[in-house]
Amino acid sequence: MLERIQKANDIKNLKKEELPVLAEEIREFLVETVSKTGGHLASNLGVIELTMAMHLVFQMPEDKIIWDVGHQSYTHKILTGRKDGFENLRKYGGMSGFPKRKESDCDAFDTGHSSTSISAGLGYVAARDIKGEEHSVISIIGDGAMTGGMAYEALNNASRLKSNFIIVLNDNNMSISENVGGMSRYLNGLRTAEAYTGLKKGVEDTLMKIPVQGEKILYQMKKTKSGLKQLFVPGMFFEDMGITYLGPVDGHDIRKLYKTFQEAKRVDHAVLVHQDLLKELMESGDSPRILAMSTCSSEFTAARTVVLAVLREG
């Protein structure tokens with residue numbers, strides 16, 4: 001399947017049932033090549049389905065995908081016809097481990113530092129609107145990078161937009177070091193947002209059992225449910241800023257990601273798509289995607305050893 005991806009947008013020629021096969025082939029290819037050349041492994045294993053979904057929905061290079069830091073762009077490079085370049089990944093004269101405009105028209109922004117993608121995306125949106133163009137602009141930022149000050153400034157400016165701008169929160173509860181602070185705690189809360197749904201149903205069921213007055217009480221509560229939503233509904237931080245929140249979405253479900261991006265394209269202002277990898281990472285004990293560690297020195301060696309062992313066992 002991987003051999004059928006020779007240039008940008010070739011993924012659109014695949015059938016739905018072929019997409020999971022492609023995802024696994026990309027995963028195996030990355031493990032095999034990065035174990036030889038060095039590079040960022042875990043971060044790229046985690047965004048394979050996300051990247052595939054974006055390339056299915058958006059048109060390269062017309063639409064602009066901007067990666068925060070850029071170390072997780074390996075699948076993006078494969079899907080834009082640069083698979084052969086992985087033999088010389090991160091070598092002198094070879095393919096960069098980060099997006100590079102001189103490498104491909106599909107790389108919209110040269111990155112290498114965290115918390116910059118939303119600001120860069122805003123620049124592309126402003127240029128697009130001034131020129132009267134209609135392509136999509138998508139900025140992908142991790143939960144670790146979301147704690148950076150530049151990201152907050154950019155979110156503040158994005159909330160004023162009157163045209164489409166898609167922000168993808170790549171949430172795997174991991175970065176180079178432990179995430180700290182209020183945003184980290186907030187995102188941890190979003191990962192358990194099913195608490196709101198369970199509470200809401202439990203309260204409604206209980207009230208309906210009260211004779212005569214139960215239905216009236218429930219009616220009054222629904223009139224003031226915005227207060228409850230403020231406490232429990234995921235994404236209210238972004239919604240209150242004026243940024244539409246979609247998610248959390250399973251970061252390894254291509255179908256759900258595809259539908260979410262299609263919905264995001266229809267929004268006429270800034271929209272944040274929250275893809276959550278944590279639950280999948282914790283539950284997938286039979287897949288190399290369980291590795292959520294940085295790929296530096298000894299940690300990379302450990303990741304490589306474990307992943308190769310898992311692949312050999314089938």
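Every number here is computed from the coordinates shown, using simple stated rules; none is lab data. Everything numeric here is computed off the predicted structure, so don't read it as measured data. We place every Cβ from the backbone using ideal geometry, glycine too, and count neighbours over all the protein chains shown.
Which GluC sites (Glu not before Pro) in the range 119-157 sit in a loop by DSSP (not H, G, I, E or B) and have at most 16 other Cβ atoms within 10 Å of their own Cβ? Each step should come with its number before you reach the end.
Values: sites: Glu133, Glu134, Glu153; in loops: Glu133, Glu134.
Loop-located and lightly packed - Glu133, Glu134.
Averaged over residues, the count of other Cβ atoms within 10 Å places the peptides 76-85, 100-109 in the sequence 76-85, 100-109, highest first.
Provide the packing ranking of 146-152, 210-216, i.e. peptides ordered by the mean count of other C-beta atoms within 10 Å per residue, highest first. It would help to have the intermediate numbers written out before the result.
Working: 146-152: 17.4, 210-216: 9.9.
Sorting 146-152, 210-216 by mean packing, highest first, produces 146-152, 210-216.
Considering just Cα atoms, how many Å³ per residue does the convex hull of the range 98-153 enclose? Could you put the intermediate results ahead of the total?
Numbers: hull volume 4.7 nm³, N = 56.
Roughly 84 Å³ of hull volume per residue.
Once the range 1-146 is represented by equal point scatterers at the alpha-carbon sites, with solvent omitted, what log10 I(q)/I(0) does the Debye formula produce at q = 0.16 Å⁻¹? Evaluating at q = 0.16 Å⁻¹ gives log10 I(q)/I(0) of -0.85. Taking amide H as placed 1.01 Å from N in the peptide plane, the amide H of Phe165 sits under 5 Å from that of His269, Ala270, Val271, each at least 5 places away or on another chain. Under 5 Å between amide hydrogens, built in the peptide plane, is the criterion, and for Ile66 it picks out Ile138, Ser139, Ile140 among residues at least 5 positions away or on other chains.
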